[in-house]
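Below: the structure, in structure tokens.
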Amino acid sequence: MKTNVKRSLCFSACKLIAGILTLAGSSFPAMAQTSPYITGEYLWNIGLLQINAHEAYDLGITGAGEKIAVLDTGINYYHPELFTQIANGGYDFYNNQFEYFDSNGHGSLVSGIIAAKKDDYGVHGVAYNSKILPIKVTNDDGTLFSLDALKWGLFHAIEEEATVINYSSTYATGGARPLDQLAVEASVAFAYTALNGNIIVAPTGNAGAQNPIFPAILPYVKPSNHNTGVYSFDTSIQNVGAIDWSYSEGHILAVASSNQDGVISDFSNRCGVAANWCITAPGEGIISTFWYDTYIDLDGTSLSTAFVSGSIALIREMFPNLTSAQVVDLLLTTANKEGIYADTATYGQGFLDIGAAIQPQGTLNIVTTEGTSSGTTLQNSYLQTGGAFGDSLNSALNQQQTVINDDYGRSYTASFQSALRPRNIDYFENDKKLEYLNLSSAVETHQLGSGLSFTGYTAQDGAATPEGVWAYQAGNHILRYSKGEAVIHDHPGAQSVEALKLKLFDPAYNDMATNGDAVAWQYALTPQTSFNVEYRNGHSLYDDELEATAYSAALAYTAEGNMRLNMSYGFVSERESMLGTTGSGAFDIKGNTQTHYAGVNAHVPLRDDLALLGSFYMGQTFAAGSSDSLITDISGIRHQQAAMGIEKQNNVIEGDRITLAFEQPLRVTGGRLSVDAMDPQQAGGFVIDLKPEAQERNFHLFYDTPVHNGGGHLGLQLSYTENAGHVDNQSAGNLLLHYKTSF
């Protein structure tokens with residue numbers, strides 16, 4: 001411990017300085033968030049802000065119920081900040097008496113950093129609701145060390161079930177002084193205490209050396225390191241080759257000191273060979289309790305040690321089921337390792353960060369309704385949704401909490417919000433529309449022989465492509481094979497935006513299997529009636545990563561006056577999706593989801609130039625979660641789509657066509673998804689209603705006309721959308737102008 005020139009400050013001065021520090025908060029390290037616990041009392045102990053202690057306080061964690069054994073010079077039980085913070089069972093083992101008053105001040109200083117009470121006055125400790133078990137192991141002025149006192153003090157701390165043992169004194173100086181019999185026996189006492197499962201927090205020392213002092217360096221001591229020069233044994237020590245204290249690793253924390261900028265203190269021993277179990281904490285300009293009712297500003301690794309011990313009390317209160325080894329590993333793992341703290345020889349595993357230590361670490365396992373870890377991680381769980389489900393899944397998961405366990409078996413409440421990945425499954429944007437139109441309007445048919453033809457499509461750059469439709473007609477039978485993008489187009493003869501209009505009245509289920517291969521058979525039952533069967537295998541029109549196989553059968557009837565009626569039935573088998581929704585981890589969808597649908601498409605002439613258009617399709621999807629998911633049930637998902645319109649021909653010029661249409665895209669109308677993930681609100685799983693609250697409504701105006709002088713075709717689509725994507729209050733307008741000409 002180093003003492004600055006500044007000495008004790010009276011109680012009245014404390015209040016004044018605390019207030020000044022509150023006003024001057026901008027000179028302190030940046031605060032990531034506002035906390036009611038960042039008070040003047042908090043800021044006067046600058047180390048609290050450096051280690052983000054307020055993040056524990058915000059969760060109600062203050063060290064309550066934890067007992068910290070301080071093996072030191074005793075404690076000043078007259079101090080207003082300490083007298084209520086002392087646990088029963090304190091003892092002076094140096095003088096063998098119950099009187100453990102601190103006549104030196106060192107033990108009181110350390111105790112104040114750990115547990116000084118929070119009373120809006122002076123300073124408070126890291127774990128201000130914990131208790132100090134004072135164990136005096138030195139003489140009254142703190143200059144003499146007693147091996148017997150140390151042994152009995154350690155034993156007493158174990159018997160009293162202390163949360164952690166804070167030892168800020170020393171009994172050797174490392175390489176500069178060989179370990180004599182006293183030091184060896186003291187080391188054995190600490191090693192056995194560690195072997196018992198207790199946590200020992202010890203300073204690296206104040207000599208500015210490259211390696212810590214004892215007992216912080218204890219785990220390094222083993223036969224293979226005896227001749228490294230880091231430490232040595234007095235010649236009187238027998239059987240040195242059998243000395244091995246490495247088993248103490250995992251239960252001993254070495255602590256180096258930093259200044260108020262977080263940089264290693266000049267006086268502090270570095271972590272050196274103890275880097276694996278060493279951590280850095282505040283140790284300069286630390287104000288804490290001292291003699292009677294005074295405070296003092298001091299430097300030293302003893303102070304850094306106290307910050308770590310107090311932090312352990314916070315961790316123990318929040319996570320009482322952690323083992324000592326887990327607590328040690330947690331503090332080392334979560335220490336700040338960025339920037340200068342990557343230098344392990346100096347800073348060990350980094351700078352103490354209690355805010356990080358209380359956060360979940362590593363693999364976050366979702367807890368099932370039985371209260372056990374599922375083996376399914378939150379990080380690997382996602383749902384990529386959209387389309388027919390609207391925002392039903394997003395809204396549900398955005399609000400849904402679940403319980404997770406981290407690598408240390410700690411339980412947390414977490415949100416599924418991070419599991420959401422939106423996808424627009426059925427949103428036909430202008431770029432997609434133009435691709436569709438450019439392909440559908442670039443059609444050329446070649447007769448290859450008797451009854452055999454090839455309808456080829458031209459790519460957007462004008463180059464020929466082998467993708468197209470091969471057709472063979474024999475009598476009443478027509479057999480077609482479509483390849484590539486040709487599979488997309490059910491109306492290859494349509495010109496300009498007419499193709500987009502007709503697509504509104506087709507079943508959207510076909511969009512799940514396009515740009516692949518298709519085989520169709522058509523049989524003419526009568527001159528007006530035909531039966532059609534089709535097989536498709538390909539990608540989704542809207543996402544190339546989704547694949548499906550589709551089968552359909554349709555009965556088409558055409559009457560005089562161009563009246564057309566098409567009744568169809570089909571089913572779609574999606575590879576790894578559910579109506580275009582994909583998942584992973586907890587939401588992994590079982591392959592080969594089956595969707596069945598049926599519907600009708602009609603064109604009803606009212607007179608020669610006026611007709612009604614309409615379609616209605618409804619279906620049901622049968623899906624399940626994979627064996628690795630937490631989906632326990634997906635009830636039959638019902639859905640439907642509808643469109644209606646009125647079409648007028650020969651309006652401005654001969655051959656033009658104007659259409660007003662209303663459309664409701666494919667939308668889920670019922671279904672539930674059950675998940676075996678613990679809901680902290682009801683201690684059971686949760687169920688998601690798959691029906692979106694909102695309903696998308698599209699209003700379209702189509703105008704399509706031949707351009708006689710230019711030999712082309714002009715089309716316009718004006719659209720207005722309410723609740724786009726079946727999401728409430730998502731409205732949009734759209735204008736598409738398309739012109740096609742031939743040379």
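Summary of computed values
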{"quantity": "The chain, dipole about Cα centre (Lys/Arg Cβ +1, Asp/Glu Cβ -1), debye to the nearest 20", "calculated": "500"}
{"quantity": "Gain on full stretching of the segment that runs from Thr235 to Thr377 - 0.36 nm per residue minus C-alpha separation", "calculated": "45.5 nm"}
{"quantity": "Per residue, in Å², the accessible surface of segment 470-560 once ligands and nucleic acids are set aside, probe 1.4 Å", "calculated": "45"}
{"quantity": "Rounded accessible area per residue of segment 50-177, 1.4 Å, Å²", "calculated": "34"}
{"quantity": "Neighbourhood charge, 14 Å Cβ-Cβ cut-off, centred on Gly684 and excluding it, Lys, Arg +1 and Asp, Glu -1", "calculated": "-4"}
{"quantity": "Apportionment of accessible area to carbon and sulfur, the chain, percent (1.4 Å)", "calculated": "51"}
{"quantity": "Cβ-Cβ FRET estimate between Gln447 and Tyr557, R0 fixed at 22 Å, reported to 0.05", "calculated": "0.20"}
{"quantity": "Per DSSP, loop GluC sites (Glu not before Pro) in segment 688-727 with at most 15 further Cβ within 10 Å", "calculated": "Glu693"}
{"quantity": "About the Cα centre, charge dipole magnitude for segment 76-122 (Lys/Arg +1, Asp/Glu -1 at Cβ), debye", "calculated": "100"}
{"quantity": "Most positive-pole-ward Cα, Ser635, Ala624, Phe702, against dipole of segment 621-743 from beta carbon charges", "calculated": "Phe702"}
{"quantity": "Label of the coordinate-derived value, Kirkwood radius over Cα pairs in Å, listed as (i) 31.5; (ii) 29.7; (iii) 33.4", "calculated": "(i)"}
{"quantity": "Inter-part distance where segment 480-552 and segment 712-728 are each reduced to a Cα centre, Å", "calculated": "22"}
{"quantity": "Contour minus Cα-Cα distance for Gln681 and Tyr720 (0.36 nm per residue)", "calculated": "9.9 nm"}
{"quantity": "Selected from Asn515, Gln379, Gln210, residue furthest toward positive end of dipole (the chain; charges at beta carbon)", "calculated": "Asn515"}
{"quantity": "Nitroxide proxy distance, nm - points 7 Å out along Cα→Cβ at Leu606 and Asp119", "calculated": "8.8"}
{"quantity": "Whole-Å distance, taken between Cα centres, linking segment 620-683 and segment 186-225", "calculated": "66"}
{"quantity": "Two-site label geometry, Ser224 and Arg177: point separation in nm, points 7 Å out along Cα→Cβ", "calculated": "3.0"}
{"quantity": "Relative contact order, percent, the chain [alpha-carbon distance under 8 Å, six or more residues apart]", "calculated": "9"}
{"quantity": "Per residue solvent-accessible surface (Å²) - segment 627-717, probe of 1.4 Å", "calculated": "45"}
{"quantity": "Radius 12 Å from Cβ of Phe233, net charge of other residues (Lys, Arg +1; Asp, Glu -1)", "calculated": "-1"}
{"quantity": "Length released on extending from Ser731 to Tyr535, taking residue separation times 0.36 nm less the Cα-Cα span", "calculated": "66.9 nm"}
{"quantity": "Rounded FRET efficiency, nearest 0.05, which uses the C-beta distance separating Leu701 from Arg575 and R0 of 41 Å", "calculated": "0.65"}
{"quantity": "Local electrostatic count, Ser395, Cβ distance below 10 Å [Lys/Arg +1, Asp/Glu -1]", "calculated": "-4"}
{"quantity": "Table column - 3J(HN,Hα) (Hz), segment 95-108, Karplus curve with 6.51, -1.76, 1.60, x for Gly and Pro", "calculated": "9, 6, 8, 7, 6, 10, 4, 8, 8, 9, x, 5, x, 5"}
{"quantity": "Cα centroid separation - segment 346-414 against segment 553-599, whole Å", "calculated": "36"}
{"quantity": "Straight-distance crosslink candidates among aspartates and glutamates, where the alpha carbon sits under 12 Å from Lys117 and sequence neighbours closer than 8 are dropped", "calculated": "Glu41, Glu81"}
{"quantity": "Candidate lysines - alpha carbon under 28 Å from Lys432, same-chain residues fewer than 8 apart omitted", "calculated": "Lys483, Lys501, Lys503, Lys648, Lys691, Lys740"}
{"quantity": "Residue (of Ser302, Gly241, Pro320) at the positive-pole extreme of segment 235-330, dipole from beta-carbon charges", "calculated": "Gly241"}
{"quantity": "Cα→Cβ-extended label distance, 7 Å offset, between Asn651 and Glu429, nm", "calculated": "2.9"}
{"quantity": "Paramagnetic label zone (point 7 Å from Cα along Cα-to-C-beta, Ala325; backbone N under 14 Å) in segment 135-172", "calculated": "none"}
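The values are calculated or read from the model by the stated rules, or taken from the named source; none is laboratory data. Values in this document were obtained by computation on a predicted structure and should not be read as measured data. Methodologically, a virtual Cβ is constructed for each residue, glycine included, from the backbone with ideal geometry; neighbour enumeration extends over all protein chains shown. The accessibility values were calculated without ligands, DNA or RNA, using every heavy atom of the protein model including side chains. Shrake-Rupley method; radii C 1.70, N 1.55, O 1.52, S 1.80 Å.
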